[in-house]
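Student: Have a look at this one before I ask anything.
The values are calculated or read from the model by the stated rules, or taken from the named source; none is laboratory data. As the structure is a computational prediction, the values presented were derived from the model and not from experiment. Every residue, glycine among them, receives a Cβ derived from its backbone with ideal geometry; neighbour counts consider all protein chains shown. Heads up: the accessible areas ignore ligands, DNA and RNA and are worked out on the full protein's heavy atoms, side chains in. Shrake-Rupley method; radii C 1.70, N 1.55, O 1.52, S 1.80 Å.
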Amino acid sequence: MKAFVTGSTGLLGGNLVRLLLEMGYEVRALARSAHKAERFLEGLSVEIVVGDMMDVDSWANQMEGCDLLFHTAAYFRETFRRGDHWTNLEKVNATNTLRLFKLAEHYGIKKIVHTSTNAVIRKRKDGTVSDEEDLLAPEEALNLYGKSKIVADRAIESFSKTHDIPIITVLPAWMFGPGDAAPTGSGQLTLNFLHRKVPGTFRSGIDVVDARDVALAMLRAAEKSRGGERYIISGHYTSLEELFGIMNSVSGIPSPRRFPIPMVFFSTYLNERMASLFGKETDVSMDELRVMTEMKRTSNAKAVRELGLTFRPLRQTIHDTVQWYLNNNYLTIPLELSKGSQDGMPRGL
Ligand SMILES: NC(=O)c1ccc[n+]([C@@H]2O[C@H](COP(=O)([O-])OP(=O)(O)OC[C@H]3O[C@@H](n4cnc5c(N)ncnc54)[C@H](OP(=O)(O)O)[C@@H]3O)[C@@H](O)[C@H]2O)c1
C-alpha cells in the first residue's frame with residue numbers, strides 16, 4: 001500500500017509519516033520546502049514531492065500510483081495572529097482542498113482521510129459533552145481558521161454526494177507532541193513555559209490530544225472506515241493549570257500564578273494592540289483566549305468505539321514534547337527531565 005501525505009513537515013504529518021512507515025506502508029510526502037523535508041524526515045525512506053497547496057494542479061499528478069491520501073496540510077497557525085488571513089484560509093483550507101480531492105480521485109487514489117478540527121463543533125448549551133452531530137455554522141465559528149474548516153467540511157460533504165471516492169474526516173482536539181518543529185501554538189506554549197515566559201494562568205477548559213494518537217486514528221480510519229464518517233479525536237479534557245502542573249513535574253520549572261479572566265482578556269487586548277502598532281506578534285491572542293475559556297468538551301466515544309482508539313496519558317505527551325525540544329536544541333536553558341518515556345522521534349531539526 002502506498003500513501004500520499006500532505007503537511008509532512010508538520011506536527012501531525014511528521015508523526016503520521018513515521019507511523020505509516022512503521023506499519024509497512026510506502027510513503028510519498030508533500031512538502032513546501034525540500035530542504036526542510038530532508039532535515040525533518042532525515043533517515044526515513046520517503047519520496048518527497050515539492051508543492052504548495054496554493055497551486056495544487058502543478059503537482060497533483062504525483063498522487064498517481066498511491067492508494068491513500070492523508071491530507072494534513074493547512075493554513076493554520078497564522079490565523080491566530082494579527083491581520084486578515086481569510087483569503088489564504090479559504091483558498092488553502094477549503095477551495096484548494098476540494099480541488100485536491102477531485103484530482104486525487106482523478107489520479108486513482110482509493111480513499112481520503114482529511115484533517116478538520118474540533119473547532120467545527122458547537123458547545124452544547126446544557127453543558128453536556130458535544131459530539132460529531134453538534135456542527136457549527138460558518139458564521140458561528142470563534143475565529144476565521146475555524147470558519148475555513150467549517151466551510152471546507154461542508155464543501156467536502158456536498159462533494160461526497162456526487163463522487164464515489166470515500167472520504168473520512170478526523171476532528172482533532174488541540175494537539176501536543178514530539179516533532180512540533182514550527183512550532184504550533186501548543187509547542188510555543190510549552191517553550192514559553194520552559195523559558196519562564198508565561199506571565200500567568202487563568203480558568204480554562206480545553207480538549208487536548210497527542211499528535212501520535214491522531215496519526216493512529218487517521219491510519220485506523222483509512223483501514224476500517226468505509227467513508228462518509230467524521231470522528232472527533234480528543235484524548236483528555238484538561239486546563240492550562242493542569243498542563244502547567246505537568247510541565248512543572250516534568251521540568252522542575254515553576255507554574256505561573258493564576259489571574260482573573262477579565263484581567264487576562266484586558267491585558268491580552270492591550271498586548272495585541274501594542275503588538276500590532278509595532279508589527280509584532282503576541283504570545284497569546286484574543287482568539288486563543290476565547291477558545292481556551294469557552295470550556296467546550298468534545299466526545300471521543302465514536303472514535304474509541306469504531307476505531308478502537310486509546311489515548312496516551314497526558315504526562316507522557318508533555319514529557320515527550322519537552323524531551324523532543326531538548327533533543328533538538330530548542331531550549332536556551334539547561335534542563336534535566338524527570339524520568340519518563342522517550343520522545344519516539346529522531347533528531348530532525
Ligand atoms: N495543531 C493542532 O492543535 C490542531 C488541532 C486541530 C486540527 N489541526 C489540523 O491538523 C492539521 C495539521 O496541523 P499541524 O498541527 O500538524 O500543523 P503544522 O505543524 O503547522 O503543520 C502544517 C503543515 O501544513 C503545511 N502547509 C501549510 N501551508 C501549506 C501550503 N500552502 N502548501 C503545502 N503545505 C502547507 C506545513 O508546511 P511547512 O512546514 O512548509 O510550513 C506543515 O507541513 C491541520 O489541518 C490543522 O488544521 C491542528
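Student: Under 19 Å Cα to Cα from K296, which lysines show up? Leave out anything in the same chain fewer than 8 places away.
Tutor: Counting by Cα, and skipping residues close in sequence, K296 has these lysines nearby: K123, K125, K147, K149.
Student: Placing +1 at every Lys and Arg Cβ and -1 at every Asp and Glu Cβ, with all other atoms neutral, what dipole size does the chain have around its Cα centre, in debye to the nearest 20?
Tutor: So the dipole magnitude of the chain works out to roughly 600 debye.
Student: Assuming 0.36 nm per residue, please report the length gained on full extension of the stretch D164 to K224 beyond their Cα-Cα distance.
Tutor: Once the chain is fully extended between D164 and K224, it gains 19.9 nm.
Student: Place a point 7 Å from Cα of A155 in the direction of its Cβ. Which residues in segment 91-120 have their backbone N less than 18 Å from it?
Tutor: Taking a point 7 Å out along Cα→Cβ of A155, the residues of segment 91-120 whose backbone N falls under 18 Å are 91-106, 112-117, 120.
Student: Still on this structure: What's the angle, to the nearest 10 degrees (0 to 90), between helix 261-277's Cα axis and the longest principal axis of the chain?
Tutor: Its long axis makes an angle of about 70 degrees.
Student: If one takes the longest principal axis of the Cα atoms in the chain, at what angle in degrees, from 0 to 90 and to the nearest 10, does the Cα axis of helix 211-224 lie?
Tutor: So the helix axis and the longest Cα principal axis differ by about 30 degrees.
Student: Take every Cα-Cα distance within segment 95-154, group them into 10 Å bins from 0 onward, and report for each bin the whole-number percent of pairs it holds.
Tutor: Pairs per bin, as whole percents: 21, 41, 26, 10, 1.
Student: Stick to the Cα atoms of the chain, pair each with every other, and give me the Kirkwood hydrodynamic radius in Å at one decimal.
Tutor: Final number for the Kirkwood radius of the chain is 20.6 Å.
Student: Further, regarding this structure: How many Å³ per residue does the convex hull of the Cα positions in segment 143-265 occupy?
Tutor: Output value, Cα hull per residue: 129 Å³.
Student: How far is helix 96-106 tilted, in degrees, relative to the longest principal axis of the Cα atoms in the chain, given as a value from 0 to 90 rounded to the nearest 10?
Tutor: Computed tilt is about 30 degrees.
Student: For the residue pair V50 and M23, what label-to-label distance in nm results when each label sits 7 Å from Cα along the Cα-to-beta-carbon direction?
Tutor: Going by the 7 Å Cα→Cβ label model, 3.0 nm.
Student: Next question, about the same structure. In square angstrom, what is the accessible area per residue of segment 6-64 with a 1.4 angstrom probe?
Tutor: For segment 6-64, the solvent-accessible area averages 45 Å² per residue.
Student: What's the ranking of 55-66, 169-180, 19-30 by average number of surrounding C-beta atoms within 10 Å, highest first?
Tutor: 169-180, 19-30, 55-66
Student: So, one more: Return the percentage of antiparallel bridges among DSSP beta bridges fully within the chain, rounded to the nearest 5 %.
Tutor: Details: 4 of 34 bridges.
Counting only bridges with both partners in the chain, antiparallel ones make up about 10 percent.
Student: Given points 7 Å out from each Cα along the Cα-Cβ axis, report the S249 to M263 separation in nanometres with one decimal.
Tutor: With each label placed 7 Å out from Cα toward Cβ, I get 2.7 nm.
Student: Does segment 194-349 classify as rounded, prolate or oblate by the C-alpha gyration tensor (a ≥ b ≥ c root eigenvalues; a/c under 1.5 gives rounded; else a/b over b/c gives prolate, otherwise oblate)? All intermediate terms of the calculation are to be shown ahead of the outcome.
Tutor: Details: a/c = 1.93, a/b = 1.32, b/c = 1.46.
Note, shape of segment 194-349 comes out oblate.
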